[in-house]
Amino acid sequence: MKVGFHRSGGFAGLSLKSEVDCSQLPPGKCKELEQLVGLLRAAGQPAPSPSKSSYYADAFQYEVTVQDDDGTQKYRAGDGEMSPEMEKVVDWLTAHARG
Amino acid sequence: MSHSHDVFCTILPPHMLKHMATAGDKETCDRAHRSLEAAAAARGQRAILGPMAALLAVSPGEKRRTVYDAKNGQVLPGKLVRGEDDKKTKDVSVNEAFDGAGATYDFYRTVYGRNSVDGNGMRLDSTVHYGRNFDNAFWNGMQMVYGDGDGRIFNRFTQSLDVIGHELTHGVVQFSAGLVYQDESGALNEHFADVFGSLVKQFSKQQTADKADWLIGEGLLAKGIKGIALRSLKSPGTAYNDPLLGRDPQPAHMKNFLRTDDDNGGVHINSGIPNKAFATLATILGGFAWERAGKIWYETLTRRLTANATFQQCADATYESAGALFGAASAEQLAVRQAWQTVGVELTKGLVVVDGPKLPVKSAPSPAAPAPPLLRPLLPRSRN
């Protein structure tokens with residue numbers, strides 16, 4: 001499984017990108033990520049694009065792209081508008097991207 | 001959030017809560033107000049309070065602040081930890097959010113006569129400790145939300161007054177021009193937030209334009225990060241240059257306007273262009289920037305701009321505002337033209353008389369015409 005992560009926007013307007021290849025991770029970390037992605041998938045259809053409401057400002061926008069044998073799926077959300085499943089995946093990927 | 005007394009309150013119909021909100025003692029009013037808001041928020045409809053907002057608003061000039069603690073979760077607003085009449089807490093983020101909201105309220109009230117972000121005494125709600133190592137602060141249409149930073153790149157976001165002023169100004173924009181948060185109008189939304197965020201700080205320190213640092217997020221960058229702030233209105237593109245953070249990407253001229261899909265079309269990037277125009281105007285005029293430059297910008301934001309405004313339309317609107325406030329062909333109006341020219345925006349407005357006898361409209365100077373001379377800083381006008 002490969003997971004692409006892109007965070008953009010936010011108060012500073014900075015972009016954070018990473019690509020995670022599960023097969024390159026320590027087994028424990030790979031399993032952790034697979035479980036979180038599994039919960040995200042089970043939560044239903046990929047989340048629609050976050051509302052571009054003029055009321056939200058400085059929120060981060062997140063895009064998670066999951067690629068595996070089941071195909072490719074994109075998940076998008078913004079700060080304050082995320083499902084709990086998306087929150088957990090975003091937290092994991094953010095921490096990983098920061099190193 | 002729910003409290004036992006609010007559960008009772010929510011089963012009361014809105015007209016009863018409305019009565020309680022205006023006729024009861026302060027505690028009853030507050031509880032009724034929170035109940036109405038909680039119900040509206042649950043429907044995702046804070047705006048539904050619109051017609052009742054006037055009844056629920058406090059007397060002009062009274063600010064009402066609440067600070068919540070999200071305890072490193074992401075559920076908003078979190079646990080109520082400080083209300084308007086509560087003393088300082090032991091939590092420095094809570095106190096900073098509280099004080100910063102107060103300073104921003106006082107600035108808008110004192111300088112422009114504006115009663116809170118909606119002009120109608122809206123309560124100012126802040127949540128601190130949002131998320132874990134959250135490198136951000138944002139406005140969600142109803143409240144401000146602040147992270148603690150990760151300690152490696154960013155410190156906590158409540159420690160910069162201009163950040164707090166910036167977030168609250170997004171609320172002011174929401175309740176005035178409603179600039180769409182995308183592309184040019186989004187960059188203008190960001191621009192006004194930076195301008196008034198900076199002016200809140202300058203006002204709190206009573207700094208003149210030449211003494212101000214014109215920085216946004218000074219103190220936000222963690223120790224060891226090579227940078228002085230997140231943005232510079234005076235010199236866009238120079239605030240930081242660091243291996244972890246990258247280089248400040250803001251342009252200072254229209255020729256470097258960035259077209260991108262990131263960041264809602266680069267709203268935090270292209271805001272550098274109008275930011276520099278404003279800082280330039282304030283420097284030309286001299287004195288306190290909120291008095292003339294800020295007044296022109298406030299007039300523009302609250303009375304002239306539309307939701308999809310472009311940089312060109314904004315520039316033209318500021319020219320009209322300057323004419324309306326200070327007179328046609330006034331030094332202020334000429335300085336506005338000059339300021340926009342320095343960032344590559346030529347006004348489409350000629351010498352239009354806004355007040356007084358009607359004169360034929362003259363066309364804008366031809367490209368071959370010499371640029372007007374740089375104006376020396378003007379002495380501040382005497383107060384009436």
Arranged by the count of other C-beta atoms within 10 angstrom, fewest first, what order do B:ASP91, B:ASP210, B:ASP242, B:ASP261 take?
B:ASP261, B:ASP210, B:ASP242, B:ASP91
Mean separation of Cα contacts under 8 Å (at least 6 apart) over the residue count of the range B:59-159, i.e. the relative contact order in percent, is 29
For an R0 of 41 angstrom, estimate the FRET efficiency from the Cβ-Cβ distance between B:THR89 and B:ALA331 and round to the nearest 0.05.
0.30
Would you mind estimating how fast the range A:52-99 diffuses translationally, via Stokes-Einstein at 25 °C and 0.890 mPa s with the Kirkwood radius over Cα pairs, in µm²/s?
204
Cβ density ranking, 10 Å radius, fewest first, applied to B:TRP340, A:TRP92 yields A:TRP92, B:TRP340
Round to the nearest 0.05 the FRET efficiency obtained for B:ARG259 and B:LEU80 when R0 = 41 Å and r is the Cβ-Cβ distance.
0.40
Cα-Cα over 32 Å: which of B:LYS205/B:LYS255; A:LYS88/B:LYS79; A:LYS88/B:LYS88; B:LYS79/B:LYS211; B:LYS90/B:LYS295?
B:LYS205/B:LYS255; A:LYS88/B:LYS88; B:LYS79/B:LYS211; B:LYS90/B:LYS295
Once the piece of chain linking A:GLU19 and A:LYS88 is laid out straight, how much longer is it, given 0.36 nm per residue of separation minus the C-alpha distance between them?
23.1 nm
Cα axis of helix A:84-98 to longest principal axis of chain A: angle in degrees, 0 to 90, nearest 10?
80
Measure off 7 Å from each Cα along the Cα-to-Cβ vector at B:ASP242 and A:HIS96, then give the distance between these two points in nanometres to one decimal.
2.5
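Take every Cα-Cα pair in the range B:183-342 and report what % of them are more than 18 Å apart.
On the way: 7238 of 12720 pairs.
Summing the P(r) of the range B:183-342 above 18 Å gives 57 percent of all pairs.
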What Kirkwood hydrodynamic radius, in Å, does the range B:185-244 give when the mean of 1/r is taken over all pairs of distinct Cα atoms and then inverted?
12.3
Counting other Cβ atoms within 10 Å, which trypsin sites (Lys or Arg not before Pro) in the range B:222-282 have at most 11 and lie in a DSSP loop?
B:LYS223, B:ARG259
Measure nothing fancy, just the Cα-based angle from helix A:27-42's long axis to the longest principal axis of chain A, in degrees from 0 to 90, nearest 10.
50
Estimated vicinal HN-Hα couplings, Hz - the range A:66-71 in sequence order (Karplus 6.51, -1.76, 1.60; Gly, Pro = x):
9, 10, 8, 5, 7, x
Final fewest-first order of B:PHE192, B:PHE326, B:PHE203 on the 10 Å Cβ neighbour count is B:PHE326, B:PHE203, B:PHE192
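None of the figures in this text is laboratory data; all of them are computed from the coordinates on show. Bear in mind the structure is a predicted one, so any value in this text is a computation, not a measurement. FYI the Cβ positions are ideal-geometry reconstructions off the backbone, even for glycines, and counts take in every protein chain you see.
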